[in-house]
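These notes are about the structure you will find just below.
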Amino acid sequence: MKLIDSILTDAASIAAIRKDIHAHPELCFEEVRTADVVAQQLTDWGIPIHRGMGTTGVVGIVHGRDGGACGRAIGLRADMDALPMQEFNTFAHASKHQGKMHACGHDGHTAMLLAAAKHFAKHRDFDGTVYLIFQPAEEGGGGAREMIKDGLFEKFPMQAVFGMHNWPGAPVGTFAVSAGPVMASSNEFKITIRGKGSHAALPHNGIDPVPIACQMVQGFQTIITRNKKPVDAGVISVTMIHAGEATNVVPDSCELQGTVRTFSIEVLDLIETRMKQVAESICAAFDAQCEFEFERNYPPTINSPAEADFARQVMTGIVGADHVVTQEPTMGAEDFSYMLQAKPGAYVFISNGDGAHREMGHGGGPCTLHNPSYDFNDDLIPLGGTYWVELATQWLAKPTQTA
């Protein structure tokens, strides 16, 4: 493993910053303290900053030895927000705020990019510009979309943008990347079936929405198995069904809610259209009314082939080919997808280990993402920081850049 000496030297101090951020988690668009910490560190290191993009975002601007005159630029993105969940860990840096926790490692993502920033502040042995993007509100707020709306790519022109997420399970020292879709679109639906209430002993006097809902749930699965191509990934999950208040009363209405996940907009279009048709037709067949709502949240995260291949080359130079694996696409979602819709780039994964890095006796249970016993593995800080530095330096050194 080829790690940068200066990042190794600073790893402990960066880890202290990470633990401070972990102890003070902030939810989407509330990352005021976290943004202050990031901004103060960048300023102390002599890196100019821009604040307030996407409400609480911070962008650091690192020009190379040419002062950025060549016009080449790359963006490196880390997310900063926490999750609305209670932490179970009891170590010293556990969350000090009830119901808020860094359970996805965004504190670590911020730390890895800060490690790279500190190195860049001292070693500007490249031509062009590195933009350090500290993004708010990944967890459901669409912070990437909001930064773009606020002019991220106009104020800071860049030819490519890259992101990275920790991934528990594989040994530290392992990276994963692949071209094409790596994370799915995230979408939500709510369907209200309006029937007619009655006494349960006299169901013929009403229109029971519950069996209609049952028919609807079954009907949705035929969209997956009979309407879309079998090779195209798609998931419809009805996760909530709410109806009734008494055992002897047929309810007036029944509400279904859930999610849809796909790796392409085309499949998403098909599923949304067919769900609406199935829902309305089933309701009509039973003489009930249908209210159909479908909300598209994050689009699929799709890596550009050239940038994904370049990231793999950089990783291979750091940890060796045997420790760079192909990332199996996951149906989880990520708002870095918005940045990849606007610019070429790649979203990659760095392994967080098996959880053994946690203190003995603390955080019983697995160290999986969105888990109350999760903690970021600080051993990743020098590795992730090295990746960011090597990626940016080598990319800016390329003779030609992707338009």
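Assorted remarks:
- Filter result for residue 15 (touching a Pro at 6+ places or on another chain (Cβ under 7 Å) and either surrounded by fewer than 17 Cβ atoms within 10 Å (Cβ to Cβ) or modelled with pLDDT of 95 or more (or both)): no
- When restricted to residues that are free of Cβ contacts under 8 Å to residues at least 60 places away in the same chain and not aliphatic (A, V, I, L, M), region 246-276 contains 9.
- Residue in region 191-207 that is within 27 Å of the chain's Cα centre (by Cα) and assigned to a strand (DSSP E or B) present: yes
- Scanning region 273-299 for residues that are surrounded by fewer than 19 Cβ atoms within 10 Å (Cβ to Cβ) and within 30 Å of residue 181 (Cα to Cα) returns 273, 276, 277, 292, 293, 294, 295, 296, 297.
- Residue 6 in a helix (DSSP H, G or I), of a type outside the set (D, E, K, R) and touching a His at 6+ places or on another chain (Cβ under 7 Å): yes
- Residue list for region 44-64, restricted to those being farther than 16 Å from residue 398 by Cα and either outside any strand (DSSP E or B) or of a type in the set (Phe, Trp, Tyr) (or both): 44, 45, 46, 47, 48, 54, 55, 56
- Filtered residue count, region 208-228, keeping only those that are touching a helix residue (DSSP H, G or I) at 6+ places or on another chain (Cβ under 8 Å) and not in a helix (DSSP H, G or I): 1
- Residues (surrounded by fewer than 20 Cβ atoms within 10 Å (Cβ to Cβ), out of contact with any Gly (no Cβ under 7 Å at 6 or more places or on another chain) and of a type outside the set (Gly, Ala, Ser)) located in region 20-36: 20, 24, 27, 30, 32, 33, 36
- Residue 68 vs. criteria assigned by TED's automatic domain parsing to the domain that holds residue 154, surrounded by fewer than 24 Cβ atoms within 10 Å (Cβ to Cβ) and touching a Ser or Thr at 6+ places or on another chain (Cβ under 6 Å): yes
- Residue match in region 125-134 (condition: within 15 Å of residue 393 (Cβ to Cβ), modelled with pLDDT under 95 and charged (D, E, K, R)): yes
One line per residue, one yes/no per condition, for (1) under 18 Å from the mean Cα position of the chain (by Cα); (2) of a type in the set (Val, Ile, Thr); (3) in the same structural domain as residue 391 (by TED's automatic domain parsing); (4) under 22 Å from residue 69 (Cβ atoms):
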| position | (1), (2), (3), (4) |
| --- | --- |
| 121 | no, no, yes, yes |
| 125 | no, no, yes, yes |
| 128 | no, no, yes, yes |
| 145 | yes, no, yes, no |
| 164 | yes, no, yes, no |
| 174 | no, yes, yes, no |
| 179 | yes, no, yes, no |
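- Residue 220 being touching a residue at least 12 places away in the same chain (Cβ under 8 Å) and assigned by TED's automatic domain parsing to the domain that holds residue 286: yes
The values are calculated or read from the model by the stated rules, or taken from the named source; none is laboratory data. In this text, all values refer to a predicted model and were calculated from it rather than measured experimentally. FYI the Cβ positions are ideal-geometry reconstructions off the backbone, even for glycines, and counts take in every protein chain you see.
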